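Worksheet: one structure, shown below.
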Amino acid sequence: MTDQAIATLEARLDAQRRLLARLVAAMEDSARQPVMDWLAQRETMRDGQEDPGAVPTEGLGQGLAVSDEFRMILRLVGDRLHETGQR
C-alpha cells in the first residue's frame, strides 16, 4: 500500500470517528449514556492479563487497534460534550 493510500484511509477513518462522536454527543442523555458505557467497557482490551507486557502480545494487534479506536471515540464524545456545555 502506498503512503498516499494509507494517508487517505487514515483521513477517512478520522472523519468517520469524528462523525460518530458528534452523533453520540447529540443523543439525549438517556440514550447517550448506555452507548458511552459500552464504549468505556471496550476501550481496554480484556486479555486476562494482570500485568500487561508479561506475556508476548503477538497477534493482538487488531484487538488492540479496536480498543484504541473505542477509546478515541469516547474521548471525542467527551470533548464534544464539553464544547457544547453538556458536561
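A few remarks follow.
- Using the Cβ-Cβ distance between GLU83 and LEU13 with R0 set to 22 Å, the FRET efficiency works out to roughly 0.55.
- Annotation: peptides 35-41, 69-75, ranked by per-residue average of other Cβ atoms within 10 Å with the highest first, follow the order 69-75, 35-41.
- Length gained when the stretch MET27-ASP68 is fully extended (0.36 nm per residue, less Cα-Cα span): 12.5 nm
We did not get these values from a lab; they are worked out from the coordinates using the rules stated. Not measured: the values here are computed from a predicted model. Positions of Cβ are backbone-derived with ideal geometry, glycine not excepted, and every protein chain shown enters the neighbour counts.
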